[in-house]
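Chemist: What follows is a structure written as structure tokens; I'll ask about it next.
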Amino acid sequence: MALYGYTIGEDRDQNPNNGKQLDVYRFLIPSAPTTSPITPTLVGTVNIAGTVTNADLEGLATNPATNRVSAVNEARATDLPNDPGPVIVVNNVDQPFAPAQVSPTRTPSNLVRFGFESGAGFSGQQNALYNISGNKTANLGGEQVGSSLYKITTANPGTISLVDAFGAPTTAAQIQGTQPTNPGKFADGLAIDNLNPGNTRAFASDFRTSDGNGNNLYKVDLLTGELSAPIALRNSSGQPLNVNADSDLSFTNSGSQRLIGWLETGAVYEITGYQDELTASGLGLGSATGTNGAGFATATLIGNVTLPNALASQPVQYEGFAIVNE
């Protein structure tokens, strides 16, 4: 058995008249840092109709019950304030490749997801797929920086709903997708801990500096949709991590647990020192006597995956990430 990562690229030919061709790649997760390039393998291609404007499958998640990977599309891809775009979940994009597409029913029917970036994670305890969506800048559709959490039931076609903001009634603007439930906190990756389940055993990731607050993790409460205060990411030298790329995040779900971060460029990070933060009561930060002090975790670069055109002058973005023990 070994740990393999999966990611999905953008539309291969960028031709809207030819539909969307999203290539899925599989690669070995290194057990220790390596300077050798990690070569991926093409698993298959997801084809989505050209009429779908928000077809990028930015959220990837491994179902602990089936050990299969599902993908959720980004929230929205246009600047129209109330453009809902279809909600798409594509199942079994891992190996063996056998994608099946479903469109969860919005609950309520006028629900519009907030944000232009997405991450996903499965909760075995809640038996649901969660999708976090956010904006990293305030000029996308006139919306503000922030994030919101959505719950997708695993039935086919299932339902998608906004996780209530801190137990308070959701507002019309939050339902319409023009305001986040977590203003000022951008996150586009989501990892749920299925080895040690609990309401707050989840993290969201932000490897963007362009949102103004550096590279962070956030604890996530799956019942309220609340994100904690930011948990700053440091590099292996103890300095603030300073990268600026869309990201995703994944826990390993067997053996000795690891938390792995992913950048759209193919960079793979192992995150350590988060244990004090994750086990702290509520959504506050961890103890000042913890491994890294209060509110810090360490992100160590452990490898780079050589994905096609990821570092080109007009790069293909690979924003989703999931891990499977195979």
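Chemist: Scan the strands (runs of 3 or more DSSP E) fully inside segment 1-116 and keep the ones with 3 or more residues being open to solvent by less than 50 Å² (accessible area, probe 1.4 Å).
Modeler: It comes to 3-11, 20-28, 41-48, 59-62, 69-72, 89-91.
Chemist: Can you tell me which residue within segment 72-110, out of those that are among the acidic types (D, E) and over 11 Å from D56 (Cα atoms), is modelled with the lowest pLDDT?
Modeler: D79
Chemist: Continuing with this model, one more query. Among the residues of segment 149-179, write down those that are open to solvent by less than 40 Å² (accessible area, probe 1.4 Å) and hydrophobic (A, V, I, L, M, F, W, C).
Modeler: Once the filter is applied, which keeps residues that are open to solvent by less than 40 Å² (accessible area, probe 1.4 Å) and hydrophobic (A, V, I, L, M, F, W, C), segment 149-179 yields L149, I152, I160, L162, V163, A165, A173, I175.
Chemist: Which members of segment 208-238 meet the condition of being open to solvent by 50 Å² or more (accessible area, probe 1.4 Å), closer than 23 Å to T62 by Cα and of a type in the set (D, E, K, R)?
Modeler: E226
Chemist: Among the residues of segment 180-200, how many are open to solvent by 40 Å² or more (accessible area, probe 1.4 Å) and either outside any strand (DSSP E or B) or of a type in the set (F, W, Y) (or both)?
Modeler: Selection size over segment 180-200: 6.
Chemist: Another question about this same structure. In segment 239-249, which residues are open to solvent by 10 Å² or more (accessible area, probe 1.4 Å) and in contact (Cβ under 8 Å) with a residue 40 or more places away in the chain?
Modeler: Within segment 239-249, L241 is the sole residue that qualifies.
Chemist: With the condition kept exactly as written, say whether any residue in segment 118-135 is β-branched (V, I, T), out of contact with any Asp or Glu (no Cβ under 6 Å at 6 or more places or on another chain) and in a loop (DSSP other than H, G, I, E, B).
Modeler: Looking through segment 118-135, none of the residues is β-branched (V, I, T), out of contact with any Asp or Glu (no Cβ under 6 Å at 6 or more places or on another chain) and in a loop (DSSP other than H, G, I, E, B).
Chemist: Out of (1) crowded, with 22+ Cβ neighbours inside 10 Å; (2) closer than 15 Å to V72 by Cβ, the odd one out for G146 is which?
Modeler: (2)
The values are calculated or read from the model by the stated rules, or taken from the named source; none is laboratory data. Remember, predicted model here, so these are calculated numbers, not experimental data. Positions of Cβ are backbone-derived with ideal geometry, glycine not excepted, and every protein chain shown enters the neighbour counts. Remember, those area values only see protein heavy atoms, side chains included, never the ligands or the DNA or RNA. Shrake-Rupley method; radii C 1.70, N 1.55, O 1.52, S 1.80 Å.
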